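Participant: The structure is given below, and queries will be raised subsequently.
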Amino acid sequence: MSIKLPNMPKIQDLIRLYGLSAKQQLSQNFLLDLNITDKICRVAGGFNDCTVIEVGAGPGGLTRSLLNSGAKKVIAVEMDRRFIPALKMLEDASDGRLSVVMGDMKDVNEAEILKQFGAVPTDWDKPSKVKIIGNLPFNVGTHLMLKWIRQIKPREGLFEFGRVPMILMFQKELADRIIAPVSSHEYGRLAVMIQQECDSKVVYDLPGKVFVPPPKVDASVVYIEPKVKPIGDLKSKEYLEYVCRELFTQKRKTLGNAIKCLGNGAESLIEGIDPTKRPQNLTVEELVKISNRFNDWPHKKDIDMLSFRNDARWLRGEEKKLKKEQRVMESLEKRKEKLAKFKNLDKKQQIEYLKVLRETIPSGLNLKKDTDDDNNANEYQVVHTEDIEDGDDFDFDEFEEDEDTIIKDK
Ligand SMILES: C[S@@+](CC[C@H](N)C(=O)[O-])C[C@H]1O[C@@H](n2cnc3c(N)ncnc32)[C@H](O)[C@@H]1O
């Protein structure tokens, strides 16, 4: 059996041949440069002799690299039927190593499909020979990732086959939240939920311009692998999720104050943990401890209805936040352009500009009456109050508060 694919038409040509335009509603941004897809396979640790589920294969760029990197079997799942002929062409050339499955990954039973294609389970303490990879729309990728994370503890689905690594492409800001270390700005519920059971790292940053068509945002490839032994002996993932949600929405409070939201007498849940810490500074281990105590606490609220079923709403909230961040970045870019133009005007023009268009004064510049010049009290000076840097005016806390609002709306 040959490891390398025979010569194939370029993906760009297949796209032209089959008239495959990118559908915006499916967030179709393709990777057509095989140097990049090859590199993704390398930084993900290689796929030699592995059985791989590829989610959202599209025109098949990454699929080709997976096959060329020696995968024993690639199961490519794609829901958009327009891509199936191009993928089938690849299947025909793959010497039986590629199987194309048309369908929505959200409806696919991973364990069944892996059994069907002959995947073999690996012992939990060994690196798994089964892997899952996908470059998916943000909401689909996060939905699937959370579903898979929930299957780790009971070792269901994918994890009947061992510690299956999940190699997923996400918007960079979301990837940063997944891998965020304790006390960092991005550290929150998502980081805790994932890091409690998995090792996660960003293995490759991809600027938006490498995709076709290019999205306005950058992406990162995240490698998430279940730990041999999770952090702490967690009693309930739902309670950990609940405790994190409640505490991280009060990031500015000390733990001693924030914990009160769990009920009267909840202070007992943080015994032995520094009450002057902020929720952001609590390690995963400490949060597991609090959640386990909450689990055994006779006074806890009944949170059954608040468990993971809220994911959909939470994800919509996350998506909204990222869109808002994007809008802020775009308006910042516009203001920077305006500022650059403004700086090219002579002083008189600058003053006129600022007088007439006060409401569009670029950030960092203002008019000040020239009080040093007694003879000409009406003279204005242009003053720089601050320099614009990336991220100025970009109050991340504002977004955290948005999340609070979204969660409390439930
Ligand atoms: C961003 S494109 C990436 C395509 C290809 N992997 C690449 O890197 O060029 C995402 C692909 O996932 C597919 N897709 C989106 N949601 C899906 C789902 N729920 N199940 C299966 N495929 C899905 C889209 O049709 C699209 O082809």
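A short reminder: the numbers here are calculations on the coordinates, not readings from a lab. Computed from a predicted model, the values in this text were never measured in an experiment. Cβ placement follows ideal geometry from the backbone for every residue including glycine, while neighbour counts extend to all protein chains displayed.
Participant: List the residues whose amide H sits under 5 Å from the amide H of Asp199, counting only those 5 or more places along or on another chain, with H placed 1.01 Å from N in the peptide plane.
Facilitator: Result for Asp199 returns Glu225, Lys227.
Participant: Now for a separate question. If the cut-off is a Cα-Cα distance under 21 Å, which lysines reach Lys126, setting aside same-chain residues fewer than 8 apart in sequence?
Facilitator: Lys72, Lys73, Lys115, Lys153, Lys201, Lys227, Lys229
Participant: In sequence order, what are the phi-derived ³J(HN,Hα) couplings for region 75-83 according to the Karplus relation 6.51 cos²θ - 1.76 cosθ + 1.60 with θ = phi - 60°, rounded to whole Hz, with x for glycine and proline?
Facilitator: Running phi through 6.51 cos²θ - 1.76 cosθ + 1.60 with θ = phi - 60° gives 10, 9, 9, 9, 9, 8, 5, 4, 8 Hz.
Participant: Let me ask something additional. Could you list Arg327, Arg82 so that the one with the fewest beta carbons within 10 Å of its beta carbon is first and the one with the most is last? Walk me through the numbers on the way to the answer.
Facilitator: Working: Arg327 11, Arg82 15.
Final ranking by Cβ density, sparse to dense: Arg327, Arg82.
Participant: Tell me, what is the percent relative contact order of region 237-308, built from C-alpha pairs under 8 Å that lie six or more residues apart?
Facilitator: Details: 71 pairs, mean separation 31.3, N = 72.
Relative contact order for region 237-308 comes out at 43 percent.
Participant: Treat each spin label as a single point 7 Å out from the Cα along the C-beta direction, and report the Leu34 to Lys106 distance in nm.
Facilitator: It works out to 3.4 nm between the two label points.
Participant: For region 176-186, in order, what is each residue's ³J(HN,Hα) by Karplus, 6.51 cos²θ - 1.76 cosθ + 1.60 with θ = phi - 60°, in whole Hz (x at glycine and Pro)?
Facilitator: 4, 6, 5, 9, 3, x, 3, 6, 7, 5, 7
Participant: So what is the orientation-averaged projected area of region 147-281, using the convex hull of its C-alpha atoms, in nm²?
Facilitator: On the way: hull surface 38.8 nm².
Answer in nm², one decimal: 9.7.
Participant: Still on this structure, please answer the following. Enumerate the amide H contacts of Thr254 below 5 Å, restricted to partners 5 or more residues apart or on another chain; note that Pro and chain-start residues carry no placed amide H.
Facilitator: Excluding prolines and chain starts, which carry no amide H, there are no hits.
Participant: I'd like the Karplus ³J(HN,Hα) series for region 136-145: coefficients 6.51, -1.76, 1.60, θ = phi - 60°, whole numbers in Hz, and an x wherever there's a Gly or Pro.
Facilitator: Here the 3J(HN,Hα) series is 10, x, 3, 5, 5, x, 5, 4, 5, 4 Hz.
Participant: Search the structure for amide H atoms under 5 Å from the amide H of Leu206, placed 1.01 Å from N in the peptide plane, and list their residues when 5 or more places away or on another chain.
Facilitator: Hits under the 5 Å cutoff: Ala219, Ser220, Val221.
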